[in-house]
Each structure stands twice: as structure tokens, then as C-alpha cells.
Amino acid sequence: AVRGLCHALFEFCLESHQIILCEEIIDEVKRNLLSKIKVPASVVEEIESYIRDSTVIRRPVAVENGVFEDESDLPVLGVEEVSGSSYIITGDKDLLSLKKYKDVYIISPRLFWEITRGNAKR
């Protein structure tokens, strides 16, 4: 919706990686665009279409609650289990506090950007 680190990172990942999402992530993006950033609904529809056309959408497996309190984040962990991802890239503080889930590193967009530039290690 706006130019910045996350936009640049998304474009980089589209070119160099496979982005794997689930419906719950797309729904959260739409909610945040509408309510937090106040993007017009017609633009949100265009963004959703672009995301769907540019990424792989998978159904997450069920993850037992007990990892942390926010159940709405469980699909993010569940989609990792069916995707074989190396990273979960997020700004969500609860997810970031885990640091790792199974064999997947959970890192911020900034840290992933620095890793891809060779300026940081996990």
C-alpha cells in the first residue's frame, strides 16, 4: 500500500523466493489495510488480487495452542508446516518472541532484509 521496507522486501521475495501464505494472512492484510491504514476498499481489492496472483496460498495444518496466547497467529505456524519454509517474516511481536518454530526462524522484515544484503546473521 505504501513504499518502504516491506514493499521493497515483498518485491525482492517475489523475484528471488517463493512467498507462501494462507487465507488467514490475506484476511489480516485486508483488515489492516482497511482499518489501520484506511486504504479504500477498491484499492484493497486490487492489492488482494495482486497478492493472490503473486504468491502460493496453502491451507495451514492445525497447530496446538500452547505456543502462545494469540490463537489468531496459529495459522501462520500451521502454513509453515505445509510449506517447508526457511523463514517466517513478520512484525507480530508474539510471533517474533518465539524466534524459532521447529526448524523455521521467525524474524522481522528488517532482519530478513539485512540477511539478504549480507549485513546480518540470524
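Every number in this text was worked out from the coordinates using simple rules, so none of it is lab data. Note that the structure is a prediction, hence the values are computed from the model and not measured. Here Cβ is always computed from backbone atoms with ideal geometry, including for glycine, and neighbour counts include all displayed protein chains.
In order along region 87-103, the Karplus-derived 3J(HN,Hα) couplings, from 6.51 cos²θ - 1.76 cosθ + 1.60 at θ = phi - 60°, round to 9, 10, 9, 8, x, 6, 4, 4, 5, 4, 5, 5, 6, 8, 10, 6, 9 Hz, and Gly and Pro are given as x. Here is the list for region 21-122: GluC sites (Glu not before Pro) lying in DSSP coil, each with at most 14 other C-beta atoms within 10 angstrom of its C-beta, are GLU64, GLU69. Taking 25 °C and 0.890 mPa s as the conditions, I'd like the Stokes-Einstein D for the chain in µm²/s, using the Kirkwood hydrodynamic radius from alpha carbon pairs. Translational diffusion coefficient: 161 µm²/s. In plain terms, the chain from HIS17 to SER86 could stretch by 23.8 nm, reckoned as 0.36 nm per residue minus the Cα-Cα distance.
With one equal scatterer per alpha carbon and no solvent term, the Debye-computed log10 I(q)/I(0) for region 50-122 at 0.27, 0.28 1/Å reads -1.31, -1.34.
Each of SER72, HIS7, ILE51 was scored by the projection of its Cα onto the charge dipole of the chain, and the greatest displacement toward the positive side belongs to HIS7; charges sit on the C-beta of Lys, Arg, Asp and Glu.
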